[in-house]
Amino acid sequence: PWYIGGAALRGSTAAPASHGGLRPVHWTEAYRLFTTQELGVSVSAPATSPSGREFVIAFDLKLDDVSRITGALPEGIERGQVFVLDAQLRLLALPRETNELGEQRRSELLLTPLAEADDAPISQAAVQAWEPEVEGVFRMELEGDEGDDNYWVNFRRVGRPGRSLQRCLRGS
């Protein structure tokens, strides 16, 4: 799939990278990587050598590695959460609130629908309060917490050529 997707991008109308333009890339659906059996996605793009030979260049991203990045963000904000969801609202990268869980449990949460991820109650509450048609910032009250239980939540949609929109959530 990574090769077919990357090769299909040949002849795209985007400016060549050598001229400062951004070229589209192909992202596979999440799957178990052949060599490590870890969950990941492959990213690929066509490339042409100076001699004119055509290639498809690809690399793999392990979802555990992406979760390490989202688990560290946003730094300096005590209760903020960052995570990545696919179009089915499944976790592609875990929020910081799951950092205390063991590695095994964190791996099990990947590709779980956020609505079923009881280990991430703050993130679940944010998505339940989210209206997908509306982008932007809203205030959310979390019941049952002591002290400051208000959050400002900002949702961003990240589009990719030829793919459905992916949703990115950042709460602070």
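If you scan segment 48-72, which residues turn out to be basic (Lys, Arg) and either over 16 Å from the mean Cα position of the chain (by Cα) or more than 26 Å from Pro24 (Cβ to Cβ) (or both)? Residues satisfying the conditions are Arg53, Arg68. Considering segment 73-100, and only residues there that are surrounded by fewer than 18 Cβ atoms within 10 Å (Cβ to Cβ) and over 14 Å from the mean Cα position of the chain (by Cα), the residue that is farthest from Ala117 (Cα to Cα) turns out to be Gly76. Residues that are without any contact (Cβ under 8 Å) to a residue 24 or more places away in the chain and open to solvent by 50 Å² or more (accessible area, probe 1.4 Å) within segment 36-64 comprise Gln37, Thr48, Pro50, Ser51, Arg53, Phe55, Phe59, Leu61, listed in sequence order.
Filtered by the rule that a residue be in contact with a helix residue (DSSP H, G or I) (Cβ under 7 Å, 6 or more places away or on another chain) and without any contact (Cβ under 8 Å) to a residue 24 or more places away in the chain, segment 74-112 gives a lone residue, Leu109.
Within segment 113-126, how many residues are in contact (Cβ under 8 Å) with a residue 24 or more places away in the chain and surrounded by 15 or more Cβ atoms within 10 Å (Cβ to Cβ)?
We begin by selecting, within segment 113-126, every residue in contact (Cβ under 8 Å) with a residue 24 or more places away in the chain; these are 113-115, 117, 120-123, 126.
So of that shortlist, the ones also surrounded by 15 or more Cβ atoms within 10 Å (Cβ to Cβ) come out as 114, 117, 120, 122-123, 126.
Number satisfying all stated conditions: 6.
Counted as qualifying within segment 19-113 are the strands (runs of 3 or more DSSP E) with 1 or more residues that are modelled with pLDDT of 90 or more, namely 39-48, 54-62, 91-93.
Restricting to segment 3-18, and then to whatever is at pLDDT below 90 and assigned to a helix (DSSP H, G or I), can you tell me which residue is most open to solvent (accessible area, probe 1.4 Å)? By that ranking, first place goes to Ser18.
The values are calculated or read from the model by the stated rules, or taken from the named source; none is laboratory data. Owing to the predicted nature of the structure, the values given are computational and were not obtained by experimental measurement. Here Cβ is always computed from backbone atoms with ideal geometry, including for glycine, and neighbour counts include all displayed protein chains. For the accessible areas, the whole protein counts, side chains as well, though only heavy atoms, and no ligand, DNA or RNA atoms are used. Shrake-Rupley method; radii C 1.70, N 1.55, O 1.52, S 1.80 Å.
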